Amino acid sequence: MSSVNSRLHTRFDQLKKENRAALVTFITAGDPDYATSLQILKGLPAAGADVIELGMPFTDPMADGPAIQLANIRALAAKQDLAKTLQMVRDFRQDNQTTPLVLMGYFNPIHKMGVERFLAEAVEAGVDGLIVVDLPPEHNEDLCDPAQAVGIDFIRLTTPTTDDQRLPTVLNGSSGFVYYVSVAGVTGAGSATLEHVEEAVARLKRHTDLPVCVGFGIRTPDQAAAIARLSEGVVVGSALIDKIASAETSEQAVEGVLGLCREISAGIRGARG
């Protein structure tokens with residue numbers, strides 16, 4: 001389980017006392033290039049991000065929709081790799097020691113680097129958690145167990161198709177928070193009904209004491225506020241990445257992402273007022 005001293009535990013504990021949900025933001029490391037991506041990453045906490053998910057670019061992001069697939073392509077074209085992503089975390093930590101940062105992606109780049117080396121560098125860089133979408137709990141010994149042994153939380157995705165029989169297996173060994181994918185399908189797809197989300201969060205709560213963060217399809221402050229009333233966290237990714245995709249300059253990309261982050265954060269902060 002997550003250590004009581006972890007940044008994730010501390011952050012969710014603090015938000016519980018403030019009676020508000022976390023804004024969990026996702027961007028892909030190196031999108032559209034290292035310098036712009038780092039500027040966005042460093043600006044997210046002040047723009048209202050409580051937890052940051054940083055995507056590890058990969059050539060075959062099969063669980064992701066078009067927006068994040070294109071972000072991966074842009075990042076890889078700009079020569080982003082796992083070593084540079086870990087360096088980005090180090091650069092972020094120079095100014096920020098409190099915001100939890102979670103690396104999200106696929107097992108292949110980690111396997112290629114070597115699990116032991118990757119975990120050693122991740123701890124040293126200041127990574128708080130991992131979301132590895134293609135490693136089921138049947139493979140906990142490959143990464144989940146070793147990650148938690150060095151103090152890195154391992155966060156699981158659950159979906160509308162994860163039934164009550166499967167849930168205990170999926171949640172076994174998970175820590176940090178539970179990421180509930182509110183629609184079956186790829187990231188950035190349509191959004192779920194609030195009734196459906198409310199039922200799903202209640203069901204997860206019967207299986208775990210971990211904070212539940214809800215994502216997929218949340219694009220506006222109003223949508224985020226509605227989800228914030230039902231869960232401990234709201235995950236926003238594709239909507240932010242669309243701002244990078246549509247920007248004509250680095251400045252536009254930075255301002256677009258941070259501007260939307262501020263708007264969504266305001267929606268979440270007013271949700272339980």
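The table below lists the values:
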{"item": "Looking only at the range 61-83, and only at residues there that are small (G, A, S) and over 23 Å from L23 (Cα atoms), the one that is least open to solvent (accessible area, probe 1.4 Å)", "result": "A75"}
{"item": "Among residues of the range 1-60, those that are assigned to a loop (DSSP other than H, G, I, E, B), open to solvent by 60 Å² or more (accessible area, probe 1.4 Å) and of a type outside the set (S, T, Y), counted", "result": "6"}
{"item": "The one condition in (1) more than 20 Å from I27 (Cβ to Cβ); (2) open to solvent by less than 40 Å² (accessible area, probe 1.4 Å) that V132 fails to fulfil", "result": "(1)"}
{"item": "Of the criteria (1) in a strand (DSSP E or B); (2) in contact (Cβ under 8 Å) with a residue 40 or more places away in the chain, which one L130 fails", "result": "(2)"}
{"item": "The one condition in (1) open to solvent by 50 Å² or more (accessible area, probe 1.4 Å); (2) of a type in the set (V, I, T); (3) modelled with pLDDT under 95 that I218 fails to fulfil", "result": "(1)"}
{"item": "Single unsatisfied condition, G105 versus (1) closer than 21 Å to A224 by Cα; (2) crowded, with 24+ Cβ neighbours inside 10 Å", "result": "(1)"}
{"item": "Meets criteria (at positive phi, out of contact with any Pro (no Cβ under 7 Å at 6 or more places or on another chain) and open to solvent by 70 Å² or more (accessible area, probe 1.4 Å)) for K112", "result": "no"}
{"item": "Residue within the range 18-30 that is within 17 Å of C213 (Cα to Cα), charged (D, E, K, R) and at pLDDT 95 or above present", "result": "yes"}
{"item": "Subset tally (residues that are open to solvent by less than 20 Å² (accessible area, probe 1.4 Å) and modelled with pLDDT under 95) for the range 240-273", "result": "1"}
{"item": "Matching helices (runs of 4 or more DSSP H) fully within the range 220-273 where at least 1 residues are over 21 Å from G55 (Cα atoms)", "result": "221-228, 250-269"}
{"item": "Residue within the range 163-180 that is part of a helix (DSSP H, G or I), open to solvent by less than 20 Å² (accessible area, probe 1.4 Å), touching a residue at least 60 places away in the same chain (Cβ under 8 Å) and within 23 Å of D50 (Cβ to Cβ) present", "result": "no"}
{"item": "Looking only at the range 135-162, and only at residues there that are open to solvent by less than 10 Å² (accessible area, probe 1.4 Å) and touching a residue at least 40 places away in the same chain (Cβ under 8 Å), the one that is nearest to the chain's Cα centre (by Cα)", "result": "I155"}
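The values are calculated or read from the model by the stated rules, or taken from the named source; none is laboratory data. Nothing here was measured: the structure is a model prediction, and the numbers come from that model. Don't worry about glycine lacking a Cβ; one is built from the backbone with ideal geometry, like all the others, and counts go over all protein chains shown. Note: areas computed on protein heavy atoms with side chains; ligands, DNA, RNA excluded. Shrake-Rupley method; radii C 1.70, N 1.55, O 1.52, S 1.80 Å.
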